[in-house]
Every structure is written in C-alpha cells, then in structure tokens.
Amino acid sequence: MKRTATVLALFLVAIALLSTSCGTSDFLKSLNLSSNGTLSGGFYNLAGVDGTLQLQVQAVYNSGKLINVTNASTFTMVPTGCVFDPGPPENLCAGPVPAPAPNTVTISPTGLMTGIAQICTWVDLNGTNGQPQTPPAWAYTGYYQVTATYRNFTSQPVGIGMGVAESNSPTGGCGPS
C-alpha cells in the first residue's frame, strides 16, 4: 500500500510539473499588416482602375510564431489628405480624399483592395516646376490609412495612395509603379 501511495505521489508531482510548462505560455502579442504592392517611402500605391493590392495580416505570438489571419480580420480605411489637382501647380488639391467603398476603393473579406474611382493622391515634385524632369519624385497629397483588427488587436496603420488617374508627371501615370 505504501508503495502505491509513493507511486501515486510521484505521478501527481510529474503531472503538476508538466502542466505548468515551466511558467511559459503562448499568447497573441501584435498584428502586422503588409501588402504585396509597390512600396515607396513606407507607403503603398494602388495603381490603375481595377488595380489591386493583396493585404496580409500576420498574428505575432509571444513565442515568435507567425500565423496568417488575413481571412479572419476586419479592415478599416480612413481617408486622409486630398486628391491631386492636375491644374495650376500652386493648387495641388482638388478636394478631400473621398470616403471608401463602394464606388472608390474596396477591401474584400480576403484582404484584396481594389481601386475603382479615377483618383490620384500623388504629386510628382519634379513635375511641378514647369520643366519636365525624370525620374519622378512622388509625394502624397492624400491616402487611405488602413488598419486590420483581429481578436481585439489592431495592426499598425499602413498608408495606401491611389494612382488611378493621371498626375502631373512628365512620365505619365500617377504614383510609383
């Protein structure tokens, strides 16, 4: 009987040690939002009507493990700044960046961002002096600030400019591509 009690005690001690996992646990630490698109100065460009960017959300765990949670995330877009005005160089803004969806820019539940409206939120700083110069020096007049949310965590904001119309660049287009 004494031997059974000793074995049982050792078994319970072993279970207790195993269940504590040495005091460590894995938990969600943060989210990382990125895209497969052209990156210019830390900002992405959504180029062309029906142009797309695939957003990706990675859950970062305490252990360093990364899990793609794009399809389980929700996305928020906040318009910031103004739409480029191709008129006189002293007036770069034609009005505020319009609210997203359904007729300007959308993000699907799978993180696919699509440009719909004829919007340009980039200016070529080399194109504003009246003398065409290349290469272009792109700068924002406005953008959509995008964040992703998953399990009450919100990612860092990512700026996405719209290059879906002509700009002042002598090389054509709107924004880096």
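Odds and ends about this structure:
- Label positions at Leu28 and Asn152, each projected 7 Å from the Cα along the C-beta direction, are separated by 1.0 nm.
- Using a Förster distance of 35 Å, the FRET efficiency for Ala137-Asn36 (Cβ separation, nearest 0.05): 0.90
- Mean separation of Cα pairs under 8 Å and 6 or more residues apart, divided by the residue count, gives segment 59-177 a relative contact order of 27 percent.
- Taken as Cα centroids, segment 38-87 and segment 96-120 sit 12 Å apart, rounded to the nearest whole angstrom.
- Residue-by-residue Karplus 3J(HN,Hα) for segment 58-69, coefficients 6.51, -1.76, 1.60, Hz, glycine and proline x: 10, 7, 9, 9, 3, 6, x, 5, 10, 10, 6, 10
- At q = 0.24, 0.27, 0.28 Å⁻¹, base-10 log of I(q)/I(0) for segment 36-111 (Debye sum, equal scatterers on each alpha carbon): -1.31, -1.37, -1.38
Where a number appears in this text, it was derived from the coordinates with a stated rule and is not lab data. Keep in mind it's a predicted model, so treat the numbers as computed, not measured. Here Cβ is always computed from backbone atoms with ideal geometry, including for glycine, and neighbour counts include all displayed protein chains.
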